[in-house]
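Notes follow the structure.
The values are calculated or read from the model by the stated rules, or taken from the named source; none is laboratory data. Because the structure is predicted, anything quoted here is derived from the model rather than measured. Note: ideal-geometry Cβ built from the backbone for every residue, glycine included; neighbour counts use all protein chains shown. Remember, those area values only see protein heavy atoms, side chains included, never the ligands or the DNA or RNA. Shrake-Rupley method; radii C 1.70, N 1.55, O 1.52, S 1.80 Å.
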Amino acid sequence: MRRSLFLIILAVLSGCAGRHNWLASAGEEAHRVEELFWVLLVGAAIIWTGVIGAAVYAQRRQIDPSLEKQARRFIVWGGAVLPTVLVGGLLIWGLVILRDITSDEGDLTIRVDGERWWWRVIYETPEGDVVTANEIRLPVGQTALFRLTADDVIHSFWVPALGGKMDMIPGRETQLALTPRKTGNWGGLCAEFCGGAHALMRFDAIVMEEADFEAWLAHEAEPAEVAESDPGYTVFDEEGCGACHTIRGTEAEGPVGPDLTHLAAREKLGAGIYEMTPDNMARWITDTHEMKPDIDMPPYPDLSGARLDQLVAFLMSLD
Ligand code: HEC
Ligand SMILES: [Cu+2]
């Protein structure tokens with residue numbers, strides 16, 4: 001009994017470690033929610049101690065009947081006025097935070113579309129939209145305004161270390177502002193059950209110095225450099241991958257799956273779940289549903305040998 005309790009507590013506490021830890025905030029918005037959390041926690045502890053103390057005191061002591069008036073006043077002030085003021089104040093504080101993190105102003109705008117089970121990411125720039133997927137990069141110290149929607153079912157966009165979360169609803173647009181304060185790779189995830197591969201619907205949220213971010217975005221805006229004669233591209237073309245995937249600069253313009261133009265520049269494969277390595281890439285193509293169950297990409301178990309190698313080498317060259 002005691003041992004299993006210990007194990008359960010350990011399992012729950014293990015959720016407090018790692019990059020999904022919102023108690024180790026790396027952004028302005030998460031920091032403000034964290035502050036409110038600690039005030040609530042410590043405040044609740046103080047009030048609880050006070051209330052229990054008063055109850056114990058009342059039980060132990062003979063109360064002088066002549067003090068009834070004072071007792072009544074204590075109940076009115078301590079039991080009605082104080083909670084109303086405190087809870088009202090906390091409500092206002094919470095609403096102010098909510099107003100700020102859902103504000104519609106930002107230094108840059110990023111549209112994110114929740115799909116089953118990946119993320120379509122579109123940077124709005126003066127030169128036009130830059131489309132990518134499954135990885136979000138942000139400049140440190142700037143407010144990114146996220147405009148969120150969903151393609152099929154409700155998802156929820158959450159980068160615990162930076163702030164959030166916010167529902168993504170089909171046919172509606174929600175907004176969330178995030179202002180990262182620390183560089184690093186802060187993970188994000190879908191926080192609303194959305195079907196089969198929900199638990200594997202993640203992404204990297206990488207906060208960079210502003211100059212590095214600008215260089216990355218400029219590169220992302222470029223089409224892929226693909227030689228027409230690339231044997232891997234030929235395989236890609238013959239297998240019909242381009243019906244679902246876009247590689248800008250080629251004839252592949254499919255709108256169904258993630259944009260692959262700069263696939264290999266992402267740190268992870270499959271919406272934040274595997275390292276971007278040739279081995280994982282090959283398995284992704286042949287054992288697709290073992291790698292990520294239920295997804296809308298068909299497996300290609302017949303691809304092997306030189307053709308598979310060529311396809312993988314081609315995909316890994318898309319940086
Ligand atoms: C029927 C549409 C469809 C076809 C055909 C298809 N895919 Fe996909 N692909 C998807 C979808 C949808 C996803 C996103 C799956 C997820 O993560 O939930 C995906 C994901 C991927 C990813 C991971 C992208 C990332 O950001 O990590 C790669 C790589 C990929 N596909 C390569 C291929 C290749 C190579 C082929 C052809 C051999 C192919 N796909 C054929 C729909 C398709
Ligand atoms: Cu989900």
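The charge dipole of the stretch 241-319, taken about the Cα centre with unit charges on the Cβ atoms of Lys, Arg (+1) and Asp, Glu (-1), comes to about 100 debye, rounded to the nearest 20. Within the assembled protein chains, the solvent-accessible surface assigned to Arg283 is about 110 Å², based on a 1.4 Å probe. Taking all protein chains as shown and a probe of 1.4 angstrom, Asp107 keeps an accessible surface of around 100 Å².
Modelled this way, with points 7 Å down the Cα-to-C-beta line, the labels at Ile46 and Met316 are 5.9 nm from one another.
Could you sort the peptides 158-171, 209-222, 39-52 by per-residue average Cβ neighbour count (10 Å cutoff), highest mean leading? Walk me through the numbers before you get to the answer.
Details: 158-171: 21.8, 209-222: 14.2, 39-52: 11.1.
So the order, starting with the most tightly packed, is 158-171, 209-222, 39-52.
Solvent-accessible surface of protein heavy atoms, probed at 1.4 angstrom with all chains present, puts Arg172, Arg60 in the order Arg60, Arg172, largest first.
Note that the stretch 231-316 presents 46 Å² accessible area per residue, ligands and nucleic acids not counted, probe 1.4 Å. Placing unit charges on the Cβ atoms only, positive for Lys and Arg and negative for Asp and Glu, gives the chain a dipole magnitude near 3100 debye about its Cα centre. A simple packing score, the average count of other Cβ atoms within 10 Å per residue, orders the peptides 84-91, 290-297, 148-155 as 148-155, 290-297, 84-91, with the highest score first. Stretching the chain fully between Asp309 and Cys244 yields a gain of 21.3 nm (0.36 nm per residue, less the alpha carbon separation).
Between beta-carbons, use under 9 Å as the cut-off and find the net charge around Val112, counting Lys and Arg +1, Asp and Glu -1.
Net local charge, Val112 excluded: +2.
The stretch between Asp302 and Leu13 holds 99.6 nm of extra length on full extension. This uses 0.36 nm per residue minus the Cα-Cα distance. Ordering of 193-199, 117-123 by packing is 117-123, 193-199, highest average first (other Cβ atoms within 10 Å, averaged per residue). The helix-based estimate of mean residue ellipticity at 222 nm for the chain, built from -39,500 (n - 2.57) per DSSP H run of four or more residues and divided by its residue count, is -12000 deg cm²/dmol to the nearest 500. The Cα-based radius of gyration and maximum Cα-Cα distance (Dmax) for the chain are 26.1, 99 Å.
Summing charges over all other residues whose Cβ lies under 11 Å from the Cβ of Arg307, with Lys and Arg as +1 and Asp and Glu as -1, gives -4. Farthest toward the positive end of the dipole of the stretch 16-207, out of His155, Trp118, Leu36, is the Cα of Leu36, where the dipole comes from beta carbon charges about the Cα centre.
Surface exposure of the stretch 16-207, expressed per residue as accessible area with a 1.4 Å probe, stands at 54 Å².
Expressed as a whole percent, the accessible surface of the chain that belongs to carbon and sulfur atoms is 60, based on a 1.4 Å probe.
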